[in-house]
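Where a number appears in this text, it was derived from the coordinates with a stated rule and is not lab data. Here the structure is a predicted model, which is why all the values come from computation and not from measurement. Neighbour counts are summed over all protein chains in view; Cβ atoms, including those assigned to glycine, are modelled from backbone coordinates with ideal geometry.
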Amino acid sequence: MAGWRSTVSGIVNSRAKVAAVVGAVLLIAGAALRPVEAAMRKAEARAGMPGRTRRLSAIVGQGTSMAVLGGFRALVADWLWLKTYLAWAACDLPATQAMLRLVTIVDERPLGFWLNGARIIAYDMTEWRLRSAGREGAVPAAVRRRILEEQAGMALRYLEDARSYHPERAAVCVEMANIHLNSRGDPATAARWYRQAAELPDAPYYAARIYAELLKHLGRSREAYAWLRRLHPTLPPDVEAAGSRIVLGRIRNLERTLEIPENERYVAPEVDVETRRPQKID
Amino acid sequence: MNAIEIDGITKDFTPGLREAKVRALDGVTLRIREGEVMGLLGPNGSGKSTLLKIVLGLLAPTAGECRIGGVPSDRVEARRRVGYLPEAPDFYPHLTGFELVLFHARLGGTARVGRKERVEAVIAEVGLVEAMHRRIGTYSQGMRQRLGLAQALVTDPRLVILDEPTSGIDPIGAAEIGEMINGLKTQGRTVLLSSHLPGQIEDLCDRVAMLDHGRLVLQERVEELTRRRGQTALLVDRLPAGTLGELRSWLQAHGVEFHGVETPRTSLERVFLETIGSLGKKGNERS
Amino acid sequence: MNRVAFSPARVRWIAGNTFREAVRQRLLLLLIMVAATMTGGALFFSDFHFGSSELKFVTDVGFGALAFFGAILSIVSSAQFFFDEIERRTVLTVLAKPVWRAEFVLGKLGGVLLLLLVFCGLVTALLAGLLWWRETGLMKAHPGTFETGRVVAYAGVAWCGLVQWLKLSVLAALTLLVASYARSSLLAIMAGFVALVIGQLQYLARDFYGMMDSSLARGGVWLGGLLFPNFQLFDVADRVGAGETLSAGLIGGLAAYALAYMSVYGGLAVYCFRHREL
């Protein structure tokens, strides 16, 4: 009995001592490095993580949840997007709708998920519903209108969610403008969204031009003229996509249409590639 | 001066919670002088390898001290001029013999200038020149043993520790390794040779220390131990008929007790060595 | 007798020996082939005509392969190369020379880190090459989408590869710590994978422990969290895939964090090995 005790004591003393020292040092090091970790965690969306986990587990089960938390979040989202694509290709509305929502829960960061998702909801799903409602031409106009409005509404809500994650992305505003224009037939609201897009840092050049065209379409040509006059000086003349010559042409057209006196007409600035910088539109 | 001083070394192992403590060494005290070949003899499990590891600082004793050249053996400095060949070494299979010995030469602190030449010389000394650029994974057991000897000798050690150096080797290979060990002695190196084969210790060592169940039971010069005191053996050619009786009478008349007559015998090992050796199959490679 | 000083050169030779063993065992080649197969498999996305989004998928699959197979390589090589030395008894011949035990442990770690660096470098380079090739093709097919030039931030891809190497290096050091104490390579490998999972779930554990009723449980989870690094910090690959940039501050912070943990784990591995009976 005494020999057994001394055996246990011998083992416990030597290996346990080493393990205790290792454990103590790890605890101290972990505590010391917490501030470093906290500084880097500030960029992470910490608050949303537990909620996201609970929703995820309820929908997809533990395996996917673990993978999402295990650093394969983007990969899981990509895989889900593939599944979305397959559901879309099969014109499966309920599955496509569910997958679109799931993809953005798993990973809200890729803008492409939101934009393509909104287009599917607004246009493709509308088409599917109209087809299931009846043959081409056989669907009553009221039903058609209702389906368009419903899908457009869903797509716009989807994009409002996107704006909460991507408030400074012009592409979201452009997409909302398109849906208002194409699905809801509301050029006035579309124009507001195009203007909003044009004022964001990553706005495509065409957003500002389309805004002006919509103003003209709405009978607000003077507003369009004023807008284009402010726009043109900001456009780089050496970038084809900026459409500096196109905008100047439209200014001249409006001057003729609105019969602007010669002395009040827009004077295009001297082309000086070296010094000209795009300016913010006031 | 003593090359190795071992004072009261005791080593206990605790294999597991449910098993009793095992005393592998019990108060071993030993001195090994510089330039001598000391044999460590004992059956399997007697504590020989444990003692060697303590000498090399690879194990810490439970009690006692050990010094190499006056330096405590647990200090890195103590191993500066030590070469060690473990029992049945199994080296990195993906290195060549040359790469392994060069690796050990670097670790042992050999001078960079002339290092590769030193490696080649040692490899030639152990008879592995033709195989030195082949991967160790293709070597036979005998070749690995020679390679082990090469890595032990590449740093020009003053003390060479060999643990069962002929383990798994055929008699010819064992004889060659025996010759190399004799060569070490001629060079004035101290050798500590551990073996469970009495014949090997008898052939190669000046002194022997016998271990049994962790205790040092005997240490003495080999020559003293093996001498059959008070007797003389004569070796003569075949005696003609009748001569034996006359010889016996003469001895008894001079007060010498006559114990008997034997036909001298050789050993099967010697016959094997002479037979195979004469067929000229010595070389670097053994099947 | 003069003291034998700690020698970085001996550490380097042991590291080089470890790396050479890994290369000659063709372990690296096998994993590169697997990772290349996975990355190349991402090319099938081109059949879906996703446009520029395809580049995101290729990036995500590539870094996913790097993370997954890199973790296997990191854990298995750290444990295996350490235990091989003990089982073959080559550690005895090395330590019978005037070599510090610390030099041996740090040399083994250095060899594995070098192996991981080559692995991460090759896979990242392969991924960058694939992205360049696909992006060139997409630019010709959809010029309007690329009116501002290439969209892939190749510098970000390279930095991301470096960050993955940092993560795998911390994991290797942690596995080596376990190996220096454990009695079997299987235990060390299992512990490495468990540590990887725990390190990845740090956020979840810390966010939920505040909701626990039992103070004992809260304390236990909090203490347990301190033992492991937060591997989720190193998951920056999906940011690169989503088009975000990695700031110098983030990369510097991650490097410092990784270096701190490698130093702690490496130092503790030396401590454990010094007390290990061979």
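Here are some notes:
- Rounded to 10°, Cα long-axis angle of helix C:27-41 versus longest principal axis of chain C: 20
- Peptide A:26-36 has a mean of 6 when you count, residue by residue, the C-beta atoms of other protein chains within 10 Å of its C-beta.
- Under the simplified labelling scheme, the A:Glu168-B:Glu257 pair shows an inter-label distance of 11.2 nm, with each label point 7 Å from Cα along Cα→Cβ.
- For B:Asp237, B:Asp163, the sequence from fewest to most other C-beta atoms within 10 Å is B:Asp237, B:Asp163.
- J(HN,Hα) series, region B:31-36, from Karplus relation 6.51 cos²θ - 1.76 cosθ + 1.60, nearest Hz, glycine and proline x: 10, 10, 7, 5, x, 9
- Note on A:Glu199 and A:His217: the extension gain reaches 4.4 nm, defined as 0.36 nm multiplied by sequence separation minus the Cα-Cα distance.
- Gyration tensor verdict on the protein assembly as shown (Cα atoms; rounded if a/c is under 1.5, prolate if a/b is larger than b/c, oblate otherwise): prolate
- Bridge orientation summary for the protein assembly as shown: considering DSSP beta bridges with both residues in this region, about 55 percent are antiparallel.
- Inter-site label distance for A:Arg145 and A:Arg252 at 7 Å from Cα along Cβ, in nm: 4.4
- Partner shielding of C:227-234 amounts to 5, given as the average count of beta-carbon atoms from other chains within 10 Å of each residue beta-carbon.
- Taking amide H as placed 1.01 Å from N in the peptide plane, the amide H of B:Ala88 sits under 5 Å from that of B:Ser167, each at least 5 places away or on another chain.
- Residues B:Ser195, C:Ser7, A:Ser164 in ascending order of nearby Cβ atoms (within 10 Å, fewest first): A:Ser164, C:Ser7, B:Ser195.
- Electrostatic bookkeeping for B:Pro264 treats Lys and Arg as +1 and Asp and Glu as -1; over the other residues with beta carbon under 13 Å from its beta carbon, the sum is +1.
- Tensor-based shape of region A:126-219 (alpha-carbon gyration tensor, a/c under 1.5 rounded, otherwise prolate or oblate): oblate
- Tilt relative to chain B, helix B:243-253 - C-alpha long axis, 0 to 90 degrees, to 10: 90
- Local electrostatic count, B:Ala3, Cβ distance below 11 Å [Lys/Arg +1, Asp/Glu -1]: +3
- Pairwise FRET efficiency - C:Ala153 versus A:Val36, Cβ, R0 = 25 Å, nearest 0.05: 0.45
- The mean number of Cβ atoms from other chains found within 10 Å of a Cβ in peptide C:194-201 is 2, as a whole number.
- Whole-Hz Karplus values for region A:115-131 come out as 5, 5, x, 5, 5, 4, 5, 6, 10, 5, 5, 4, 4, 4, 5, 5, 5 Hz, taken residue by residue from phi with 6.51 cos²θ - 1.76 cosθ + 1.60 and θ = phi - 60°; glycine and proline positions read x.
- Sorting A:116-126, C:162-172 by average packing, meaning the other beta carbons within 10 Å per residue, from highest down gives C:162-172, A:116-126.
- Environment charge at B:Arg221 (Cβ cut-off 12 Å; Lys +1, Arg +1, Asp -1, Glu -1): -3
- Mean Cβ neighbour count within 10 Å, used as a protection proxy, ranking A:26-35, B:185-194 highest first: B:185-194, A:26-35
- Per-peptide packing, taken as the mean over residues of other Cβ atoms within 10 Å, places C:58-67, C:114-123, B:98-107 in the sequence C:58-67, B:98-107, C:114-123 from highest down.
- 3J(HN,Hα) along region B:179-185, derived from phi through the Karplus expression 6.51 cos²θ - 1.76 cosθ + 1.60 where θ = phi - 60°, amounts to 5, 5, 5, 4, x, 4, 5 Hz, with x in place of Gly and Pro.
- Tilt relative to chain C, helix C:101-141 - C-alpha long axis, 0 to 90 degrees, to 10: 10
- Put the Cα centre of region A:87-102 next to the Cα centre of region C:73-92 and the gap is 51 Å.
- Amide H contacts of B:Gly39 (H built 1.01 Å from N, in plane; Pro and chain starts excluded): B:Leu193, B:Asp206, B:Arg207, B:Val208, B:Ala209 sit under 5 Å, all sequence-distant by 5 or more or on other chains.
- A Förster radius of 41 Å, combined with the Cβ-Cβ distance separating C:Arg88 from C:Leu227, puts the computed FRET efficiency at roughly 0.85.
- Additional length obtainable on full extension of the chain from C:Ala9 to C:Ala141, 0.36 nm per residue less Cα span: 42.1 nm
- If you sort the three axes of the alpha carbon gyration tensor as a ≥ b ≥ c, you get a/c of 1.5 or more for region C:8-274 and a/b no higher than b/c, which makes it oblate.
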